[in-house]
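Single-structure report; data block below.
We did not get these values from a lab; they are worked out from the coordinates using the rules stated. None of these values were measured; they are calculated from a predicted model. Counting neighbours? That spans all protein chains shown, and the Cβs are built from the backbone with ideal geometry, glycine included.
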């Protein structure tokens with residue numbers, strides 16, 4: 001039962017990062033590569049038309065996590081207090097940037113909201129990567145210090161950083177050199193993903209140039225990926241044990257690898273949607289590989305006194321989880337139907353779609 | 001510890017107050033949009049379709065604001081109320097997760113289709129998408145009220161030795177006797193807000209002598225919906241809720257009605273007065289004898305417990321705020337009924353559009369239904385104190401054990417600043433949309 005909900009939440013989160021991920025990436029590309037007003041407008045539109053229905057997936061993932069693993073929800077949300085609230089503020093800045101830019105015609109207004117959209121997209125991608133880095137690195141559960149726990153064993157509180165910026169410190173902060181690397185991987189991955197989305201959904205004048213950008217970013221991503229695997233071994237020497245024990249889990253890193261390799265052929269790929277699928281594979285593979293390396297742990301402990309949080313010691317009651325399966329399946333079916341209807345009606349390029357304002 | 005609880009509560013109160021400005025409009029407005037669209041399908045008069053599309057624009061702005069201010073609400077359960085989430089997540093997580101699955105997806109998918117898809121889909125499907133948006137937004141209200149009803153009147157649970165609440169009966173969450181009256185009351189109050197907004201914009205167009213035809217339609221529709229909903233929000237639904245409070249939360253009932261001392265032969269209803277917490281009485285009181293006993297129990301002489309009958313630990317911790325919230329809500333509700341009844345009468349006599357003072361009044365009335373809705377929620381939430389889960393889990397036992405008050409004050413200040421900016425931008429956008437008006441553009 002725990003496994004069913006664990007997988008469901010992982011699926012919902014992954015869908016969120018594929019969908020809202022392209023808006024984040026669109027924002028990053030917009031920030032660095034869009035020069036003419038026409039491109040800026042159409043690129044912002046390719047995210048602006050969809051962001052709110054994409055963000056619903058985050059709300060859904062949050063709700064399901066709350067229902068199925070309340071102890072984990074409570075521990076992680078209070079432990080990562082500041083970064084989570086910062087994420088909320090960035091989400092707001094990004095949304096208003098997208099909604100407001102085309103409300104008035106003068107350039108200064110547009111520039112303000114373009115920057116708001118671009119910078120918050122970039123920071124959000126970075127923060128989500130850092131969050132993933134924190135999950136795989138683990139936290140100081142119980143606030144353990146010199147033999148004394150200051151909190152209950154399943155609670156913790158992380159400062160944004162500690163002086164050493166090292167993941168190996170006894171009290172690692174949210175930001176250290178390891179989580180920064182994972183954050184950069186997220187930024188590059190989502191930038192590639194966003195560029196693919198722009199190529200797929202718009203006729204912007206930089207589409208051809210973006211293929212070159214994707215190629216170069218992909219090289220950076222490959223280097224960062226290899227580098228992160230090495231340092232991961234330093235941070236957590238047992239990080240790959242799960243894959244040795246259960247070789248079928250290797251499917252997840254392979255998904256990532258296939259996306260990475262495939263994107264080197266970006267200039268030869270005829271159909272834009274294929275390239276978008278490849279960058280989606282990066283996201284799917286990246287998230288699932290990280291989760292699989294930990295399973296059934298969902299938050300490791302950096303001290304030996306307190307047990308890590310697992311899907312079993314944080315789950316709600318058996319009855320609650322099983323009754324939720326009925327409505328959960330119904331809910332998923334309905335969502336699937338809405339998505340099919342929506343995608344059929346809103347297919348094609350966005351250039352001439354009416355923004356509704 | 002004390003200031004920690006204070007900041008946590010203040011931050012939640014501030015962010016939920018700001019958030020609830022938006023859903024209270026969208027829920028009611030979606031009903032009016034469906035009405036306009038349905039009328040258009042029947043009579044094919046273009047201005048009805050314009051109205052549906054115009055208000056969907058207003059809806060969309062409010063929906064966006066609702067989304068971006070709503071995510072912080074969900075997050076705050078975990079960030080600031082971790083202990084509460086840990087202990088009750090197995091139960092209220094059900095209703096909150098269902099809200100995400102059954103209402104947000106429905107609402108957001110079909111909102112996009114309603115706005116972009118009229119030409120693609122044809123008129124009947126366009127009405128259907130509007131209806132689905134309405135359904136999604138009301139489902140959202142249903143699940144939130146189910147969550148709140150459980151906190152007000154917990155049912156279907158079992159408490160484990162470690163203090164965790166475990167779900168024992170899923171369907172009890174939805175057959176909770178607190179839920180249906182609270183849901184109907186809340187939804188009708190939302191219709192009141194949106195009717196007043198529609199009427200107010202109508203009055204504005206008429207007074208400004210611009211888009212007058214649409215203005216008249218807005219005013220007429222707003223007045224009719226406004227009259228019906230402001231009556232229904234008081235009787236039977238408001239009355240029904242008050243009886244629930246009297247039955248299940250007698251301490252809260254005594255506090256919100258301002259009854260300091262129990263009177264043997266029937267309780268009076270307080271119209272005006274200021275709670276004096278030192279001398280335990282109401283200053284400058286104007287009250288009518290025996291009415292409260294009659295309204296609550298249909299018995300003029302029934303004794304109702306005053307605050308003197310309860311231990312201090314069982315009474316709400318802020319009696320004056322609760323008392324004022326409740327009385328402001330009831331007072332405004334009464335004024336709404338009066339004004340809408342007058343406007344409806346003049347509408348029937350075909351004089352409404354020419355009576356300027358009333359048009360001005362309706363135009364400037366628009367903030368008050370918002371205040372009435374919010375004070376209604378304050379009544380519910382302050383009345384539940386000092387508990388998060390009534391009678392079972394105290395508010396002070398629900399906060400995050402690891403987050404310090406300095407952090408909460410920091411984020412509270414950030415939210416205040418950010419929401420001031422958001423509020424300003426919201427007004428600019430809505431003002432611009434109203435200024436452009438509903439008239440279909442000539443291409």
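Within the range A:173-203, which residues have the backbone N less than 13 Å from the label spot 7 Å out from residue A:38 along Cα→beta-carbon, could you tell me?
A:203
With only alpha-carbon pairs counted, each pair once and no self-pairs, how large is the Kirkwood hydrodynamic radius of the range A:125-196 in angstroms?
This gives a value of 12.9 Å.
In whole angstrom, how far apart do the alpha carbon centroids of the range B:89-128 and the range B:133-176 sit?
22
Output the peptides B:157-164, A:258-265 sorted from most to least packed, where packing is the average of other Cβ atoms within 10 Å over each peptide's residues.
A:258-265, B:157-164
Would you mind calculating the relative contact order of chain B from Cα pairs under 8 angstrom and at least 6 residues apart, reporting the percent as a whole number?
Value for chain B: 20 percent.
Let me check the size of the range A:89-175 from its C-alpha atoms; what are the radius of gyration and Dmax in Å?
18.9, 62
Within 10 Å of each residue's Cβ, count the other Cβ atoms and sort A:339, B:277 from fewest upward.
B:277, A:339
List residues of the range B:373-392, by number, whose backbone nitrogen lies under 19 Å from a label position 7 Å along Cα→C-beta of residue B:317.
B:378-392
For helix B:46-79, what angle does its Cα long axis make with the longest principal axis of chain B, in degrees from 0 to 90 and rounded to 10?
Relative to chain B, helix B:46-79 is tipped by roughly 30 degrees.
If you rank A:160, A:321 by fewest surrounding Cβ atoms within 10 Å, what's the result?
A:160, A:321
Can you give me the C-alpha center-to-center distance between the range B:324-389 and the range B:1-26, rounded to a whole angstrom?
22
Testing the spin-label approximation: label points 7 Å from Cα along Cα→Cβ at residue A:319 and residue A:216. State their distance in nm.
For the pair residue A:319/residue A:216, the computed spacing is 6.1 nm.
Taking each residue of B:107-113 in turn, how many C-beta atoms of other protein chains fall within 10 Å of its C-beta, and what is the average?
Averaged over the peptide's residues, the number is 6.
Dividing the convex hull volume of the Cα atoms of the range B:236-311 by its residue count, what figure in Å³ per residue is obtained?
83
For residue A:146 paired with residue B:247, estimate the spin-label separation in nm (one decimal), with each label point 7 Å from Cα along the Cα-to-Cβ line.
The two pseudo-label positions are separated by 5.9 nm.
Taking chain B on its own, what percent of its Cα-Cα pair distances exceed 33 Å?
Summing the P(r) tail past 33 Å for chain B gives 39 percent.
Which semi-axes, in whole Å and largest first, does the equivalent ellipsoid of the range A:2-316 have when worked out from the alpha carbon gyration tensor as the square roots of 5 times its eigenvalues?
Semi-axes, largest first: 34, 22, 17 Å.
Partner chain Cβ atoms within 10 Å, averaged over the residues of A:88-100 - can you pull that number for me?
Across A:88-100, the average partner-chain Cβ count within 10 Å equals 5.
May I ask for the distance between the Cα centers of the range B:253-268 and the range A:201-228, given as a whole number of Å?
71
Could I have the simple spin-label model distance between residue B:119 and residue A:169, label points 7 Å from Cα toward Cβ, reported in nm to one decimal?
5.8
Would you mind ranking B:257, A:41 by Cβ crowding within 10 Å, fewest neighbours first?
The fewest-first ordering by Cβ neighbours comes to A:41, B:257.
Counting only other chains, and only Cβ atoms inside 10 Å, what mean value do you get across the residues of A:50-57?
The shielding value for this peptide is 6.
Ratio to report: Rg/Rh of the range A:171-315, with Cα atoms as the point set and Rh obtained by the Kirkwood method; give two decimals.
1.04
Stretched out fully, how many nm does the piece from residue B:42 to residue B:239 gain, at 0.36 nm a residue minus the Cα gap?
Stretched out fully, the residue B:42 to residue B:239 stretch lengthens by 67.3 nm.
From the mean inverse distance of alpha carbon pairs (Kirkwood) and the Cα radius of gyration, derive Rg over Rh for the range B:359-439.
1.14
Taking Cα atoms, how many degrees apart are the long axis of helix B:405-436 and the longest axis of chain B, rounded to 10 and kept between 0 and 90?
That works out to roughly 20 degrees.
On the first, second and third principal axes, largest extent first, how far apart are the outermost C-alpha atoms of the range A:1-80 in Å?
51, 25, 16
Would you please calculate the Kirkwood hydrodynamic radius of the protein assembly as shown over all C-alpha pairs and express it in Å, rounded to one decimal?
28.1
For helix A:70-79, report the angle its Cα long axis makes with the longest principal axis of the Cα atoms of chain A; keep it between 0 and 90° and round to the nearest 10°.
Helix A:70-79 sits at roughly 80 degrees to that axis.
Tell me, in nm to one decimal, what length is gained between residue B:172 and residue B:10 on full extension, where the rule is 0.36 nm per residue of separation less the Cα-Cα distance?
Working it through step by step, the gained length comes to 55.2 nm.
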